[in-house]
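Engineer: The structure is given below, and queries will be raised subsequently.
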Amino acid sequence: MAEPEYILGTDALELERLGFQHRVWARQAYALWERAGIRAGDAVLDLGCGPGFAAFDLAALVGPQGRVIAVDESERFLAHLTRERDRQNLRQIDPHPGRVEELDLPPGSFDAAYARWLFCWLAEPGVALARVARALRPGGVITLQEYIDWAAMALVPRSETFERAVAACMRSWHDGGGTIDIGTRLPTLAEECGLRVEHLGPIARLGRVGSLEWRWIGSFYASYLPRLVTRDRFGADELAAFTVEWDRRTREGTSWIHTPLMLDAILRKRE
C-alpha cells in the first residue's frame, strides 16, 4: 500500500528534519509531561508518533515498568521506530499502526496520552479525541501541544516576502480540510468528550539568526514551499524571492523569527 500523504512526506530528509524539530521542542514537551504528572509505571499513548522521537523520551520517563503505545499510520515511520526501539532495547514501546480516528482500545486502559501537531490536521478531531478519552482511565490525562495562531509567525524586521509565504501556507492548511488553529476549539471539544481543561498555556518563541527557532523555520520552508509551487499554490517567482530574502537575512545575522503561537493543553478525564 502507498504511504499516507503526510504534509512533508516520509522520506529520509523528512526523517532528519523531524529529529531536529523534536530537539527544538523537547524542553516544552518534558515540562508539559511533568506538569501533567506522567511518571514511572504509567501506560501512555503517543498519538501520531511519526518516527518515534517523543516515544523514546516517554519510554525513558515511564521506565521499564511502564508502556508506550506509539500510534501512527505511516509504516515507514513505524519501521524506523521499531529498529530504534530494538537497538536501544526499549521493550516498553509498542508500535501500533493505524489512524487515531479509528483507534479501538480497551476502555480505561491508559493513564495518559500525548500528541503534538496532530489534531490540527484531522478532519474530525472530535471523533479522535473521544476515542482517546474512552481509552483513558478515570483521572487519566491527555496532553497536547497544538497551534492556536499559526499566522502569528513573523520575521523581524517585517518582510512582505515572508508574509506572502505565511499566507500561502495558511491557504494550503485550509485546503487540507483540517483546522490549523485547533487550539481555539479545544475547550469545547474537551467538554464534549467528558474531559475538563486542567491547563491551557501559550508557547511563543523568538529566536535570532542561527538559533534553533531560525533553523527550524528555515528547514520547514525549504521543504514545504517547493511543494506549494508544484500544487500551484505559490509562484516559482515568489519562491525565488523568498529564498533570496531568507539567505540575505541569514548572512546579515541581524533578524529574528517569531514562531507560530502554540499552546500546551492538559485535559483530565473526569473521575
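Engineer: Assuming 0.36 nm per residue, please report the length gained on full extension of the stretch Arg227 to Arg251 beyond their Cα-Cα distance.
Structural biologist: 6.1 nm
Engineer: For the stretch 1-125, rounded, prolate or oblate, judged on the Cα gyration tensor with a ≥ b ≥ c (square roots of eigenvalues), a/c < 1.5 rounded, else prolate if a/b > b/c? Numbers along the way, then the final one.
Structural biologist: Details: a/c = 1.39, a/b = 1.25, b/c = 1.10.
In terms of gyration-tensor shape, rounded.
Engineer: What accessible surface, in Å², does a 1.4 Å probe find on Ser219, ignoring ligands, DNA and RNA and rounding to the nearest 10?
Structural biologist: Per-residue accessible area (Ser219): approximately 30 Å².
Engineer: While we're looking at this one, here's another question. Measure off, as a whole percent, the carbon and sulfur share of the 1.4 Å-probe accessible area of the stretch 119-262, all protein chains present.
Structural biologist: For the stretch 119-262, the apolar C and S fraction of the accessible surface comes to 54 percent.
Engineer: Mind checking the full-extension length gain between Glu16 and Glu191? Use 0.36 nm per residue of separation minus the Cα-Cα distance, one decimal, nm.
Structural biologist: On the way: separation 175, 0.36 × 175 = 63.00 nm, distance 3.72 nm.
Length gained between Glu16 and Glu191: 59.3 nm.
Engineer: Still on this structure, I have one more. Using a probe radius of 1.4 Å on heavy atoms only, what accessible surface per residue do you get for the chain? Whole Å² is fine.
Structural biologist: 46
Engineer: Under the rule a/c < 1.5 gives rounded, and otherwise a/b versus b/c splits prolate from oblate, where does the stretch 33-92 land using the Cα gyration tensor?
Structural biologist: oblate
Engineer: Using a simple spin-label model with points 7 Å from Cα along the Cα→Cβ vector, what separation in nm is obtained for Gln28 and Arg171?
Structural biologist: Each label point is offset 7 Å from its Cα along the Cβ direction, giving 2.7 nm.
Engineer: Using only the alpha-carbon atoms, how far is helix 125-135 inclined from the longest principal axis of the chain? Give it as 0 to 90 degrees, nearest 10.
Structural biologist: Relative to the chain, helix 125-135 is tipped by roughly 30 degrees.
Engineer: In the stretch 1-92, carbon and sulfur make up what percent of the accessible area (probe 1.4 Å)? Spell out each step's value before the answer.
Structural biologist: Working: 2310 of 4510 Å².
Carbon and sulfur: 51 percent of the exposed surface of the stretch 1-92.
Engineer: Evaluate E = 1/(1 + (r/R0)^6) for Arg208 and Ser109, where r is the Cβ-Cβ distance and R0 equals 45 Å; express this FRET efficiency to the nearest 0.05.
Structural biologist: Working: r = 46 Å, r/R0 = 1.01.
E between Arg208 and Ser109, to the nearest 0.05, is 0.50.
Engineer: For the stretch 244-266 and the stretch 75-111, write down the distance between their C-alpha centroids in whole Å.
Structural biologist: Cα centroid of the stretch 244-266 versus Cα centroid of the stretch 75-111: 33 Å apart.
Engineer: I'd like the Kirkwood hydrodynamic radius of the stretch 204-271, using the inverse of the mean 1/r over distinct C-alpha pairs, in Å.
Structural biologist: Result for the stretch 204-271, one decimal place: 14.0 Å.
The values are calculated or read from the model by the stated rules, or taken from the named source; none is laboratory data. If you're wondering where the values come from, they're calculated on a predicted model, not measured in any experiment. Positions of Cβ are generated from backbone atoms using ideal geometry, with glycine treated the same way; all protein chains shown enter the neighbour counts. Remember, those area values only see protein heavy atoms, side chains included, never the ligands or the DNA or RNA. Shrake-Rupley method; radii C 1.70, N 1.55, O 1.52, S 1.80 Å.
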